[in-house]
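K.L.:
The structure's right below; bear with me while I get my questions together.
The values are calculated or read from the model by the stated rules, or taken from the named source; none is laboratory data. Predicted model only: the values in this text are computed from it and were never measured. Neighbour counts are summed over all protein chains in view; Cβ atoms, including those assigned to glycine, are modelled from backbone coordinates with ideal geometry.
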Amino acid sequence: MSARRQPDLFRQQARACESLGSPMYAELLSRLADDLEAGGPTATVLRGHEDDPGPSGLALRLAGSVHRLVLTGQASELAGLFPTTGGTWSSDGVAAVVDFLDRRADDVRPLLEQAPQTNEVGRSAALVGGLLRLVDRRPLPVRLFEIGSSGGLNLQADRFRFADRSGGAWGDPESPVVLDQAWEGEPLPTHARLSVVERGGCDVHPVDVTTEDGRVTLTSYVWPDMTARHARLAGAIELTRTRPVVVERADAASYLDRLTLTSGTLTVLWHSVMWQYVPRDQQERIAARLAELGATATEDAPLAHLFAEPTRRTPGDEHRFWVCAESWPGHGERAFLGLMAPHGVPVTWE
Ligand SMILES: C[S@@+](CC[C@H](N)C(=O)[O-])C[C@H]1O[C@@H](n2cnc3c(N)ncnc32)[C@H](O)[C@@H]1O
């Protein structure tokens, strides 16, 4: 067993939370790392997980498990510290969480088995912006399909409201989802007519947000003090409950096998921050299927592949969250449209 490994991973996650806007988790996770190292209640709860690999995200599993118990009223003594239950975080909260882990280890431990599952509504800013560029070029009704949809919330993206930094806005002014300061850089063609006539998605672990369990699952993995993310998530869940979209339980490659093109519509396959989880053989099948469909695409039945994923612009570059599009008919070359922040907003368009 590596005595230092998990505490280091917790501290690494704490730094990521700090830089991405969660001072609460930055403090909590770095102090839990100390407790873990000292063999305190955190170590007891995490017994057996010492060698969990970094990508399993043990720190976020633990934080999400506690958050879930708070959200469901099973940790009412912590509610006053969690902004998602009307509380306010303070440094005293660390001792309260450690005490909770000490008393309630048996309630927390089974929840650690659940892999963190998110559906980041902010990423719709990248997807919709790219879609506006696509329909500006090919003004047809859109059939919209998504792989790695999670709760399917971003399949509602054309029903959200987006505001840019210069006071411009696009989308339904009555939408329960408002993304402020979503776009900067080159202006988008907000005059383009966007009409989505069909939509659907897939995920290997779809989350049904029409259920309370699905709502709590997605909410519990959003860092509690990131109130704008929580507001977007709640609004998108509300929208999805009134206008459900089917997210099939299927892997991305199998889903693509069934994708077809239809005369008089632009078929769009989009995805965000899921490609890194797709096994290599599936990635190859998806690329081959897109090339196969692309070869049959016409101006009357075009195809586009739009994504916001960590990728390199040139082989020597570092990975960044690029918004990219490939279109057919044509050669399907990759166009780099803009850069997205990890949680979506802002997107800087080129
Ligand atoms: C980090 S989440 C992102 C979800 C959503 N696209 C977003 O941006 O909020 C990645 C999602 O991809 C799904 N996923 C992973 N591998 C997949 C695969 N091979 N086929 C379909 N979905 C997959 C996961 O279950 C998870 O819901």
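K.L.:
Looking at residue 188, is it away from the ligand (no atom under 16 Å from the Cβ), within 17 Å of residue 161 (Cα to Cα) and crowded, with 20+ Cβ neighbours inside 10 Å?
P.N.:
Considered against the rule, which asks whether it is away from the ligand (no atom under 16 Å from the Cβ), within 17 Å of residue 161 (Cα to Cα) and crowded, with 20+ Cβ neighbours inside 10 Å, residue 188 comes out as yes.
K.L.:
Say we look at the range 254-276 and pick out the residues that are farther than 22 Å from residue 123 by Cβ and part of a helix (DSSP H, G or I); which of these is nearest to the ligand (Cβ to nearest atom)?
P.N.:
Once the filter is applied, the top-ranked residue is 254.
K.L.:
Of the residues that make up the range 280-301, is at least one buried (at least 17 other Cβ atoms within 10 Å of the Cβ), among the aliphatic types (A, V, I, L, M) and touching a Cys at 6+ places or on another chain (Cβ under 9 Å)?
P.N.:
Checked the range 280-301: no residue is buried (at least 17 other Cβ atoms within 10 Å of the Cβ), among the aliphatic types (A, V, I, L, M) and touching a Cys at 6+ places or on another chain (Cβ under 9 Å).
K.L.:
Would the range 243-255 turn up any residue that is buried (at least 18 other Cβ atoms within 10 Å of the Cβ) and in contact with a Pro (Cβ under 8 Å, 6 or more places away or on another chain)?
P.N.:
Checked against the condition, which is being buried (at least 18 other Cβ atoms within 10 Å of the Cβ) and in contact with a Pro (Cβ under 8 Å, 6 or more places away or on another chain), the range 243-255 yields at least one hit.
Matching residues to (1) more than 23 Å from residue 138 (Cβ to Cβ); (2) of a type in the set (A, V, I, L, M, F, W, C):
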| position | (1), (2) |
| --- | --- |
| 231 | yes, yes |
| 261 | no, yes |
| 267 | no, no |
| 275 | yes, yes |
| 284 | yes, no |
| 291 | no, yes |
| 294 | no, no |
| 297 | no, yes |
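K.L.:
Please go through the range 298-350 and pick out each residue that is among the hydroxyl-bearing types (Ser, Thr, Tyr) and touching a residue at least 40 places away in the same chain (Cβ under 8 Å).
P.N.:
327, 348
K.L.:
List the residue pairs whose Cβ atoms are under 6 Å apart, where the first residue sits in the range 133-145 and is at negative phi, the second is among the hydroxyl-bearing types (Ser, Thr, Tyr), and the two are 6 or more positions apart or on different chains.
P.N.:
These pairs meet every condition: 140/265; 141/195; 141/265; 143/265; 143/267.
K.L.:
Could you tell me whether any residue of the range 59-73 is within 30 Å of residue 162 (Cα to Cα), in a loop (DSSP other than H, G, I, E, B) and outside the structural domain of residue 225 (by TED's automatic domain parsing)?
P.N.:
no
K.L.:
Could you tell me which residue of the range 302-318 is farthest from residue 127 (Cα to Cα), considering only residues that are over 23 Å from the mean Cα position of the chain (by Cα) and surrounded by 19 or more Cβ atoms within 10 Å (Cβ to Cβ)?
P.N.:
302
K.L.:
Please go through the range 205-253 and pick out each residue that is within 12 Å of the ligand (Cβ to nearest atom), farther than 25 Å from residue 162 by Cβ and β-branched (Val, Ile, Thr).
P.N.:
Across the range 205-253, the qualifying residue is only 217.
K.L.:
A further question follows. Just to verify a result, which residue in the range 116-141, among those that are of a type in the set (S, T, N, Q) and surrounded by 24 or more Cβ atoms within 10 Å (Cβ to Cβ), is nearest to the ligand (Cβ to nearest atom)?
P.N.:
Ranking the candidates gives 119 first.
K.L.:
State yes or no: is residue 200 within 16 Å of the ligand (Cβ to nearest atom) and at pLDDT 95 or above?
P.N.:
Taking the combined requirement at face value, the residue satisfies it.
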